[in-house]
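Inspection log for the structure reproduced underneath, given as structure tokens.
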Amino acid sequence: MRRLRVRPPRLPRTRAGRRRLVRVVVAGCVLALLPATWLRLTTDDRLRTTADVPRTDVAVVFGAGLWDGEPSPYLAHRLDAAAELYRAGRIEVVLVTGDNSREDYDEPDAMRAYLTRHGVPGARIVSDYAGFDTWDSCVRAKKIFGVDRAVLISQGFHIRRAVALCRAAGVSSYGVGVDERHDVTWYYGGARELLAAGKAALDAAFRPDPRFLGPREPGVERALADASARAAG
């Protein structure tokens, strides 16, 4: 049986050819980094901490996976930040957005249960069951839940993309990046963002419809009305 030999690509033999190759590689690197540069330049002035973020009625917490039906550590840290903002009176309502595409996986309900255990009343939590990715969550926050301004909560490596996409979707946003120790998951998330930045740039430019849109939902409006009624009473 003959063995197949895979020959490595040959480098150009001439100096001019090598220069052209270097220019192509440099151009490719520049193009690959442009979306990440766009994210940094457009969001630098919109990043805050839980201590100094402006008071805003609504916070949006993005899903980040479940472990045995409970929020993953990264998701739990996002929810902790939302609960802290609620207790400090800096937000009134939390919109939890995540994946419920199959019966045995329900991020929003797990997020709701975690928040209620940490002092956020159920009447102040609104669930978006079709937040399949960041763009979908931002568009649905605007078009389905009527959110015009929000505090977005995620990890630091993701928060710039969330802010940029929500602003492109029409939601004026500040972002709170939750600190994490730099473990394998953190480095994977950071590397993944380089690729996700390209998709984010395309989403912001072409503004596709989310995977599922559906009818308008009054959950955020009702939760804010409940907050106003309790404040007046």
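The values are calculated or read from the model by the stated rules, or taken from the named source; none is laboratory data. This one's a predicted model, so the numbers in the text were calculated from it and none came from an experiment. Cβ coordinates were reconstructed from backbone atoms using ideal geometry, including for glycine residues, and neighbour counts include every protein chain displayed. Surface areas here come from the heavy atoms of the whole protein model, side chains and all, with no ligands, DNA or RNA. Shrake-Rupley method; radii C 1.70, N 1.55, O 1.52, S 1.80 Å.
Some values worked out for this structure:
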{"quantity": "Shape category assigned to the stretch 78-152 from the gyration tensor of Cα positions, a/c cut at 1.5", "calculated": "oblate"}
{"quantity": "Long-range HN-HN contacts of Ala59 with modeled amide H, under 5 Å", "calculated": "Glu92, Val93, Val94, Leu95, Val151"}
{"quantity": "Mean separation of Cα contacts under 8 Å (6+ apart) over length of the stretch 86-217, as relative contact order %", "calculated": "22"}
{"quantity": "Percent antiparallel among DSSP beta bridges (both partners in the stretch 69-209, rounded to 5)", "calculated": "15"}
{"quantity": "Cα Rg over Rh - the stretch 41-91, Kirkwood", "calculated": "1.04"}
{"quantity": "Most to least accessible of Val139, Val184 (protein chains only, probe 1.4 Å)", "calculated": "Val184, Val139"}
{"quantity": "Two-site label geometry, Trp67 and Ala231: point separation in nm, points 7 Å out along Cα→Cβ", "calculated": "3.7"}
{"quantity": "The stretch 132-219: radius of gyration over Cα atoms, expressed as a fraction of 2.2 N^0.38 Å", "calculated": "1.12"}
{"quantity": "Neighbourhood net charge (14 Å Cβ-Cβ; Lys/Arg +1, Asp/Glu -1) for Thr42", "calculated": "+2"}
{"quantity": "Accessible area of the stretch 106-164 divided out per residue, in Å², using a probe of 1.4 angstrom", "calculated": "28"}
{"quantity": "Between the stretch 166-203 and the stretch 68-140, the Cα center-to-center distance that results, in Å", "calculated": "17"}
{"quantity": "³J(HN,Hα) computed for each position of the stretch 157-174 - Karplus, 6.51 cos²θ - 1.76 cosθ + 1.60, integer Hz, glycine/proline x", "calculated": "6, 10, 5, 4, 5, 4, 5, 4, 6, 5, 5, 5, 7, x, 9, 5, 10, 10"}
{"quantity": "Cβ-based net charge around Val171, under 9 Å, with every Lys or Arg adding one and every Asp or Glu removing one", "calculated": "+2"}
{"quantity": "Computed E for Arg222/Asp109 - FRET, C-beta separation, R0 25 angstrom, nearest 0.05", "calculated": "0.85"}
{"quantity": "Net +/- balance of residues flanking Tyr86 in space, Cβ distance below 14 Å, scoring K and R +1, D and E -1", "calculated": "+3"}
{"quantity": "R0 of 41 Å, Cβ-Cβ distance His118-Tyr187: FRET efficiency to nearest 0.05", "calculated": "0.90"}
